[in-house]
1. Out of the residues in region 351-379 that are closer than 15 Å to Gly314 by Cβ and open to solvent by less than 10 Å² (accessible area, probe 1.4 Å), state the one that is modelled with the lowest pLDDT.
2. Kindly indicate which of Ser34, Ser94, Ser98 is within 30 Å of Thr216 (Cβ to Cβ) and small (Gly, Ala, Ser).
3. Name, by its number, the condition in (1) part of a loop (DSSP other than H, G, I, E, B); (2) at pLDDT 90 or above; (3) open to solvent by less than 20 Å² (accessible area, probe 1.4 Å) that does not hold for Ala28.
4. Can you report the number of residues in region 117-136 which are free of Cβ contacts under 8 Å to residues at least 60 places away in the same chain and buried (at least 23 other Cβ atoms within 10 Å of the Cβ)?
5. Would you mind stating whether Leu95 is closer than 23 Å to Val67 by Cα, touching a Phe, Trp or Tyr at 6+ places or on another chain (Cβ under 8 Å) and modelled with pLDDT under 95?
6. Looking at Arg79, Arg89, which one is part of a helix (DSSP H, G or I), among the charged types (D, E, K, R), at pLDDT 95 or above and surrounded by 15 or more Cβ atoms within 10 Å (Cβ to Cβ)?
7. Evaluate region 137-144: report whether one residue or more is among the small types (Gly, Ala, Ser), assigned to a helix (DSSP H, G or I) and at pLDDT below 95.
Amino acid sequence: MHTGSYGLMSADGSDQTAGPGGQEGRPATWPVWSGPVPPLAEGFTVRPDTVPDLEAALVPGTVVALVPEHAPATAQDWRASSGKTQLARYFAESLWRSPGVDVLTWVVATSRASVLSGFVQAAAALGADDAGDAETIAARFIDWLGKTGRPWLVVLDDLRDAADLDGLWPAGPAGRVLITAANPATVPGELGVLTVPVPAFSTREAMGYLSGRLSTDPDQRSGAIDLVGDLGCEPIALTQASAVIASSGMSCRDYRHHFTQRQKQLVEAGRVEPSAAAVTWTFSAEYAEHVSPGVSIRSLLALAAQLDGHGIPGAVFTTLAAGQYLAEDGAGHSAGRGSGTPADPQRTWNAILGLRQAGLMTVDPPGTPPAVRISPVIQAVIRAAVPDAVYDRAALAAADALLEVWPDQEPRSRLAADVRACAVSLRQNAGDVLWTDERCHP
């Protein structure tokens, strides 16, 4: 987020030293970037074959939605993860550097609470008056977007329910809106949205990505073209496979041998032909166990799967609550909550880094608040796979951990926004688990 001294420009082009809504606020400097923007993935490759005209489509006054090529059948459908957020991230930064926008606002749109947090952060970055509740501040920001002559871009990442933006849809002749959604049905047609399907990589794009990830050792690329074919050019499968290959020292040919064997086993077990990512994620989980001895990776993933994967505060995983849960689960679940010696926080964090190394998580780069990110599809698959007893313990541990890190001050900070989003996600995923003795967890 960039801030400093400025004069806001009104709809008629005149300068004014006021934030959205015309109220005197804290000065800032153009351009202004706000929001929890995810980093570009290692080996990121542009999509000239499969998404060639995004930049030409997203002109001022338009709304563009990036969606999967096919509507996912369930939340566990790997096809929902096709690289939409990464494309949005790349385009946003390209526009920022051009320079093509004065205001760039990145909003995680998974819930009404997340949307409000994103717009409140944007208003603060612009120097807006902070009087009123979040709904009031967000409404003033949206009103300003509709009137300003300064070019802007709002990214609504992972829109789950269009109703979460009732009364808060960004619009204006100077602005662009870019949406990502896991289901095309989420995007409201009445807004004149241009829907852009994002399919799997083309073979050329997949080879470019794999070569970029395996650039340090040419021998590892042996058999790459065959592996790309077996993985169906699925972006998330390539992410997981390349992470394990790069970290383990095996070649693409070696990985392909293990992949085809595991795929055959799953088919023989009675499953329909699984998605490539439904196979590769199992190798990634096993590899994470290998590089993180002494920590239950299953339990750690179950904990992460309860929270908002767009930004889980890293401190959640090193809380006393998380350490106690991991110690109990690693020991086969001891007799009661709160007993035993908690897992070592440093060892737990090393396991998080192991999951990043295996391609199942990302961690924001140094210099930013440590936030852990995990794909919503991976989260859904984990929630469906873990036993009920593990699921329940993970939910309660997540709730306890959020209480430990919840900030007493700065209610509009990045940390506060992230823990609120995680609380919303936990409530949706855990449901009745959070109720004991007819009372809800604090």
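The values are calculated or read from the model by the stated rules, or taken from the named source; none is laboratory data. All values reported here derive from a predicted model rather than from experimental measurement. So basically every Cβ, Gly included, is an ideal-geometry build from the backbone, and we count neighbours across all protein chains shown. Ligands, DNA and RNA are excluded from the accessible area calculation, which covers all protein heavy atoms including side chains. Shrake-Rupley method; radii C 1.70, N 1.55, O 1.52, S 1.80 Å.
1. For region 351-379, the residue satisfying everything is Ala371.
2. Being within 30 Å of Thr216 (Cβ to Cβ) and small (Gly, Ala, Ser) holds for just one of Ser34, Ser94, Ser98, which is Ser94.
3. (2)
4. Number satisfying all stated conditions: 1.
5. Details: closer than 23 Å to Val67 by Cα: yes; touching a Phe, Trp or Tyr at 6+ places or on another chain (Cβ under 8 Å): no; modelled with pLDDT under 95: yes.
For Leu95, the condition - closer than 23 Å to Val67 by Cα, touching a Phe, Trp or Tyr at 6+ places or on another chain (Cβ under 8 Å) and modelled with pLDDT under 95 - is not met.
6. Working: Arg79 fails: at pLDDT 95 or above.
The unique qualifying residue is Arg89.
7. no
Yes/no matrix, rows are residues, columns are (1) more than 14 Å from Gly359 (Cβ to Cβ); (2) at pLDDT 95 or above:
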residue: Ser202; (1), (2): yes, yes
residue: Pro218; (1), (2): yes, no
residue: Pro235; (1), (2): no, yes
residue: Leu238; (1), (2): no, yes
